[in-house]
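Novice: Sending over a structure as structure tokens; questions will come in a sec.
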């Protein structure tokens, strides 16, 4: 017979019918109560075994992690914690799980232990919940843009350009590393002999290609993997992560900020509505975890309260110049508690400053805009003051920067001059300059690091726990 | 004032109102009729200029490719070909386009010329249509799986495993190529010093990681870039392409074939329903293109007819053994017209054989299943006959293989033996073996090359024309 998903069984639509459950044993109590999970929901279904009429040999094989198929009648449950359970008439072990060897015992494991077992951690409640929420958030991203007429664009992963400047890049090559790679006469590597007949890297951003597409399709977004070869062993950085980059023609920085705020609220609301059980579990997980912290370090709000706070409040929009004034006058700056003291306009903001603004001063998501040109990328539009650019960063409590964006420099001459001043090869980026040479227009876009969004929504604190198989310095397991 | 998308204007909801159009000039006729496109639809809106009261200097700047902003009244059109047009009251040039220099002239360009200008080809009708259809198909993929409770999983792009065996891999490294990379005592490269402290490649498939997730979440799918460092300069191969890989626990090969057929029909139907204008254009483009071909080489069906044929007919399911019998008895085999003559069971099928089966013999999509174990991957489930595996390939007219899948070998001992026989390092894939060691179960999945699907739906014939910036041997431009 066809098996039914546990999510459907728990909704009760099949009550009093004979059903087939297939899933994995989470626990087995008193030779009688099997908690079975099939991944369709965080909730297990209880399967009640008539243990007096079941061979002991079979009962012994009902162990944590075993895959089983159960046939029985779906009835209302007398126990607490679930509405329906299955009165088992037949049970079959599909795949055993030796309790002496199975690493995922029904007890609390450290997150570090689970990271080392990333292929099995998905079998825990927490990672099942995180990855279902991640999946729902990803769909919300697509739905938001598609409903609004944005085209999804797959910008290249392997790029021959290293002018993007967003960070250190990984090289992609088919040449040998042992010194036998073909050489030019001057002794340098002859990349004409490499697969792509040039030096290639993994992309750090699809923005430039996205701009070319926005200047024809009007509104586009990317959602794909991006890479940083930076030795950042922090809880906020991955060498491989997924980024969302919308780009909109005929849109200025204000429109860009409106889009980013509306977009973030949409996807967070979508997850809150679609994943109530998973988020409730993650909320209690977080409460439990924080019990071991000093009171001062605990979150002020529970997870769902925090998510609803973001949905219900406007992001505070603050210019860089205002932010510098606030920081200069702040207690931690005066008391020299900041590692980097803010003493003048033009300083790059560090994580500590961003956190002060968001978590202590404004106590809400903050959009900082109009940064000094010197600390921002070459493609950002220069303001009339000649010293700031139409950049914006969105800062989130506990996460820091979640979005970075800007209105793009649409004036050919200004862009070219900036590239020349920075030594960016205009021949390499001729195609990008072409978008300003032919039918240029005001346009804007931003990048959102998807894992940081997942971090925020799930309440997890280490970015390695919100992507299935994290890639970080010295780690590319699985 | 806020501008309105052309797609909305053409629907007539703003009739008789003052509207603002922003877009790019496609053509300008008789100093009077501007065809403007903003990418929201393949259709242009005609903006009618009062040329007698417009300065000549301005009229001269209304050239193909220029970005303009037009304010005027939306009125019913007297001309043919459109229902609404704009009576212009004000026109502004946002970005000029020098007609002497703009590469995208309003004439027919060769596809090869357009590939060389991939940053501008998106401004043509054909590529606008292709990329909108591609975007809609991508969304249909997500919607299909999400509606059915599949979780979207981002499997790693950079992989430390080279055991997947699906094809040649690109190396990813931060080490220098000039011979100065650190060495082990035996002279080999010391990858402990590389970024990930091991030798890493770009993934050829997310399947193995996907299986680990399916064995917990039940039903998952991936949709991400995959790579082949193969020197295949054909119209069907890319070095970087996007693949969709669902994986389902408690699902056998029959269920897998049902899923694949239902999935393909869903996404094709979705595109047919959502993209009528783009597909109509692509249909006439194809008809036009085929006029230059000999009658025998033209498609038997027009594009939409072909798509509807796939929707309305069951895919023919044929075992490999039956297929071999058909091929052995076929005219081109007997007359030695095949390059590779089929003379015995066990032969690997070539493209010419697949095309014969699909295009000449069955004249419909075909699912071939139960292939010889020897010509298929190690992870496919061995049948009771000991010589065939539960593999399936879906073959499409004009495209060839669009899906490859299988029921996976769920038996630990059988899998291990197969790996050992093929010399696959079991230590490297310990985590994959773990999925069979703990709670193993019947499961199945397949991979669908997204660009081949886009090829089929758009009627294009070269895979380089259905991805924004194609990567092929000796080509990683933009």
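Novice: Return a yes/no flag: does the stretch B:226-233 have any residue that is modelled with pLDDT of 95 or more, closer than 27 Å to residue B:147 by Cα, assigned by TED's automatic domain parsing to the domain that holds residue B:456 and in contact with a strand residue (DSSP E or B) (Cβ under 9 Å, 6 or more places away or on another chain).
Specialist: Yes, the stretch B:226-233 contains a residue that is modelled with pLDDT of 95 or more, closer than 27 Å to residue B:147 by Cα, assigned by TED's automatic domain parsing to the domain that holds residue B:456 and in contact with a strand residue (DSSP E or B) (Cβ under 9 Å, 6 or more places away or on another chain).
This table checks each residue for (1) part of a loop (DSSP other than H, G, I, E, B); (2) in contact (Cβ under 8 Å) with a residue 40 or more places away in the chain; (3) under 27 Å from residue B:269 (Cα atoms).
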| position | (1), (2), (3) |
| --- | --- |
| B:309 | no, yes, yes |
| B:324 | no, no, no |
| B:337 | yes, no, no |
| B:341 | yes, no, no |
| B:346 | yes, no, no |
| B:356 | no, no, yes |
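Novice: Is at least one residue of the stretch B:403-425 under 15 Å from the mean Cα position of the chain (by Cα) and at pLDDT 95 or above?
Specialist: yes
Novice: Out of everything in the stretch B:446-478 that is modelled with pLDDT of 95 or more and on the phi > 0 side of the Ramachandran plot, what residue ends up being nearest to the chain's Cα centre (by Cα)?
Specialist: Looking at the filtered set, the residue picked out is B:459.
Novice: Go over the candidates B:190, B:184 one by one and state the one that is more than 8 Å from every other protein chain (Cβ to nearest Cβ), in contact with a strand residue (DSSP E or B) (Cβ under 7 Å, 6 or more places away or on another chain), modelled with pLDDT of 95 or more and farther than 30 Å from residue A:132 by Cβ.
Specialist: One residue alone meets the criteria, B:190.
Novice: Then there's this: Which of the following residues is within 27 Å of residue B:205 (Cβ to Cβ), under 19 Å from the mean Cα position of the chain (by Cα) and within 14 Å of chain A (Cβ to nearest Cβ): B:271, B:249?
Specialist: Answer to the check: B:271.
Novice: Select from the stretch A:290-307 the residues that are touching a helix residue (DSSP H, G or I) at 6+ places or on another chain (Cβ under 9 Å) and assigned to a helix (DSSP H, G or I) and write down the one among them that is nearest to residue A:270 (Cα to Cα).
Specialist: Residue satisfying both the conditions and the ranking: A:307.
Novice: When residue B:35 is evaluated against the numbered criteria (1) away from chain A (no Cβ under 13 Å); (2) over 31 Å from the mean Cα position of the chain (by Cα), which criterion, by number, is the only one it fails?
Specialist: For residue B:35, the failing item is (2).
Novice: Select from the stretch B:71-100 the residues that are within 12 Å of chain A (Cβ to nearest Cβ) and within 16 Å of residue B:3 (Cβ to Cβ) and write down the one among them that is surrounded by the most Cβ atoms within 10 Å (Cβ to Cβ).
Specialist: B:95
Novice: Would you be able to say whether some residue in the stretch A:56-63 is at positive phi and more than 14 Å from chain B (Cβ to nearest Cβ)?
Specialist: no
Novice: A further question on this structure: Tell me, which residue of the stretch B:140-175 that is without any contact (Cβ under 8 Å) to a residue 24 or more places away in the chain and at the interface with another protein chain (Cβ under 8 Å from one of its Cβ atoms) is farthest from residue A:154 (Cα to Cα)?
Specialist: Residue satisfying both the conditions and the ranking: B:175.
Novice: Could I ask something else about it? Restricting attention to the stretch A:143-173, and to residues there that are closer than 23 Å to residue B:194 by Cβ and surrounded by fewer than 19 Cβ atoms within 10 Å (Cβ to Cβ), which single residue is farthest from the chain's Cα centre (by Cα)?
Specialist: Restricting to residues being closer than 23 Å to residue B:194 by Cβ and surrounded by fewer than 19 Cβ atoms within 10 Å (Cβ to Cβ), the top hit is A:162.
Novice: Next question. Scanning for something touching a residue at least 60 places away in the same chain (Cβ under 8 Å) and more than 9 Å from chain A (Cβ to nearest Cβ), does the stretch B:117-124 turn up at least one residue?
Specialist: Scanning the stretch B:117-124 turns up no residue that is touching a residue at least 60 places away in the same chain (Cβ under 8 Å) and more than 9 Å from chain A (Cβ to nearest Cβ).
Novice: Follow-up. Against the conditions (1) more than 23 Å from residue A:250 (Cα to Cα); (2) modelled with pLDDT of 95 or more; (3) in the same structural domain as residue A:427 (by TED's automatic domain parsing), where does residue A:165 fall short? Just the number, please.
Specialist: (2)
Novice: Could you tell me whether residue B:135 is within 25 Å of residue A:441 (Cα to Cα) and within 11 Å of another protein chain (Cβ to nearest Cβ)?
Specialist: It is true that residue B:135 is within 25 Å of residue A:441 (Cα to Cα) and within 11 Å of another protein chain (Cβ to nearest Cβ).
The values are calculated or read from the model by the stated rules, or taken from the named source; none is laboratory data. Since the structure is predicted, the reported quantities are computational estimates derived from the model, not experimental observations. Note that each Cβ is placed from the backbone with ideal geometry, even for glycine, and that neighbours are counted across all protein chains shown.
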